[in-house]
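**Student:** One structure is given below, represented as structure tokens, and several questions about it will come after.
Every number in this text was worked out from the coordinates using simple rules, so none of it is lab data. The model shown is predicted, which means the values in this text are computed figures rather than measured ones. Glycine gets a Cβ as well: all are built from the backbone with ideal geometry, and neighbour counts include every protein chain shown.
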Amino acid sequence: MKAVILKGVNNLAVEDVEVRKPQKDEVLAKVDIIGLCGTDIHMWAGTNFEGTFPFIPGHEWIGHVIETGPDVKTLKVGDRVTGDNFIACRKCDICKNGGVPHFCTDHEAYGYTPKFPGAMAEYQWSPEERLYKIPDSVSDEAGALTEVVSVPYHAIWARSGGIGPHDRVAIIGTGPVGLLAIQIALITGAKVIVLEPEPNRAKLAAEMGAKYILDPTKGDIVKEVMGLTNGLGVTKIIECSGSIGGIALTVDIISVDGTIVLTGQSIGTKVPIEIGKIIWKHAKIVGSCGAPFFFPNTIDFLSKNLIDATKIVTDRFSLEDALGAFELGHKASRGKILIYTDKDKMPK
């Protein structure tokens with residue numbers, strides 16, 4: 001099969017890799033579409049150190065089952081599937097204490113190491129337990145976005161406590177996660193204020209339906225937010241940028257009894273903030289890492305077609321031109337880039 005191999009920093013190749021038979025509890029799937037995540041790009045560019053070279057990346061995908069191992073019980077040939085990123089060891093102290101797979105000290109992480117290849121290939125073999133069936137009401141492209149949709153959906157509904165029509169919500173940063181957070185927040189009827197300095201991304205935010213889009217680098221941004229909230233501030237913040245400025249701003253615009261959810265990746269970032277404002281506002285800061293145990297909820301949400309997740313897609317590439325996808329994602333402010341294993345099935 002053809003597969004994208006990240007061999008090192010700025011070293012990507014599309015090569016032939018052997019396809020093996022699924023083991024007892026495994027499923028072999030023909031991959032149809034892969035989402036290119038910012039994490040994939042950063043690992044290739046050497047701007048983060050999550051991956052262990054060489055490996056096949058790709059943790060946002062959809063495919064269809066073509067073969068099952070003898071012990072597989074819940075999936076059959078023809079089922080469309082996607083996969084969660086992590087499988088817990090269920091043996092370490094974190095697992096035994098009820099921790100989620102993301103925090104397991106010996107988890108299987110697919111799309112980051114040679115041992116657990118990702119889906120940026122023509123085929124993907126996976127243990128049955130990490131796979132989820134995609135219902136007929138969800139399109140292939142939307143199904144491929146399950147993982148990226150799960151991140152803001154989990155941040156909003158599992159970590160922030162949910163959003164109601166009475167809420168005043170700030171979305172900081174409008175990469176794919178922020179763009180989806182806008183759509184998810186808007187369907188609740190809440191007032192949604194978007195903070196994004198990059199013009200192309202601000203334009204994408206408007207296409208998602210955002211009415212209030214502010215550039216935090218211009219003017220008095222705190223005054224602008226307060227003006228839009230009758231001086232009260234925002235009740236919920238979904239911080240998707242992971243930037244020093246974005247995170248620092250949260251404590252200035254959060255309301256009394258408000259909730260800040262930090263989901264933008266910022267490992268290693270140290271942010272100077274006036275923490276006393278959180279104390280005197282009786283506000284909360286909550287971390288949100290991935291979407292543990294939230295794939296079923298996300299797929300159910302997507303099946304109702306309350307949002308159009310595919311609106312965030314700006315570019316499509318073939319597997320053979322994966323390097324072009326990585327290069328574009330690295331140098332330009334784009335929405336979601338999709339990679340098709342069969343270029344003849346790409347929308348014209």
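**Student:** If a/c stays under 1.5 just call it rounded; otherwise compare a/b with b/c (prolate if a/b is bigger, oblate if not). Do that for the stretch 152-287, with a ≥ b ≥ c from the square roots of the Cα gyration tensor eigenvalues.
**Tutor:** Because its axes are fairly even, with a/c under 1.5, the stretch 152-287 counts as rounded.
**Student:** Give the angle, between 0 and 90 degrees and rounded to the nearest 10, that separates the Cα long axis of helix 322-331 from the longest principal axis of the Cα atoms of the chain.
**Tutor:** 10
**Student:** Connecting C-alpha atoms closer than 10 Å in a GNM of the chain, tell me which of P70, P197, P135 has the biggest fluctuation.
**Tutor:** Sorting by GNM fluctuation, first place goes to P70.
**Student:** Amide H to amide H, which residues 5 or more places from Y112 or on other chains are under 5 Å from it, using H placed in the peptide plane?
**Tutor:** G118
**Student:** Could you please report the charge total around T235, scoring K, R as +1 and D, E as -1 over all other residues with beta-carbon less than 9 angstrom from its beta-carbon?
**Tutor:** 0
**Student:** Moving on. I'd like the distance separating the alpha-carbon centroids of the stretch 48-85 and the stretch 142-204, in whole Å.
**Tutor:** 27
**Student:** Which lysines have a Cα less than 20 Å from the Cα of K115, not counting those fewer than 8 places away in the same chain?
**Tutor:** K2, K7, K21, K24, K30, K91
**Student:** Another one. Please check: in the Gaussian network model of the chain (C-alpha springs, under 10 Å), which one of I275, I62, I312 has the largest mean-square fluctuation.
**Tutor:** Taking springs between Cα atoms under 10 Å, the residue moving most is I275.
**Student:** Among (1) -0.22, -0.60, -1.30; (2) -0.26, -0.70, -1.31; (3) -0.29, -0.76, -1.25, which is the computed log10 I(q)/I(0) by the Debye sum over Cα atoms at q = 0.06, 0.10, 0.15 Å⁻¹?
**Tutor:** (1)
**Student:** Further, regarding this structure: Counting helices only, and only those DSSP H runs with n ≥ 4, report the 222 nm mean residue ellipticity of the chain as the sum of -39,500 (n - 2.57) divided by its residues, in deg cm²/dmol to the nearest 500.
**Tutor:** Estimated from H runs of four or more residues: -7000 deg cm²/dmol.
**Student:** Here's another thing I want to ask about it. List the lysines whose Cα lies under 27 Å from the Cα of K191, skipping any in the same chain that are fewer than 8 positions away.
**Tutor:** In chain and number order, the partners are K203, K211, K218, K223, K236, K277, K281, K284, K304, K311, K336.
**Student:** Report the charge-dipole magnitude of the chain in Debye, nearest 20, computed about the Cα centre from +1 at each Lys and Arg Cβ and -1 at each Asp and Glu Cβ.
**Tutor:** Using Cβ point charges on Lys, Arg, Asp and Glu, the chain gives about 720 debye.
**Student:** Shifting gears a bit: Between 0 and 90 degrees, rounded to the nearest ten: what's the tilt of helix 176-186 against the longest Cα principal axis of the chain?
**Tutor:** Helix 176-186 sits roughly 60 degrees off the main axis of the chain.
**Student:** Please report the net charge: other residues with Cβ closer than 10 Å to the Cβ of G246, K and R +1, D and E -1.
**Tutor:** -2
**Student:** Listed highest first by mean packing, meaning other Cβ atoms within 10 Å per residue, what order do 259-269, 45-55, 281-291 come in?
**Tutor:** 259-269, 281-291, 45-55
**Student:** Relative to the longest principal axis of the chain, what angle (0 to 90°, nearest 10) does the C-alpha long axis of helix 244-253 take?
**Tutor:** Helix 244-253 sits at roughly 40 degrees to that axis.
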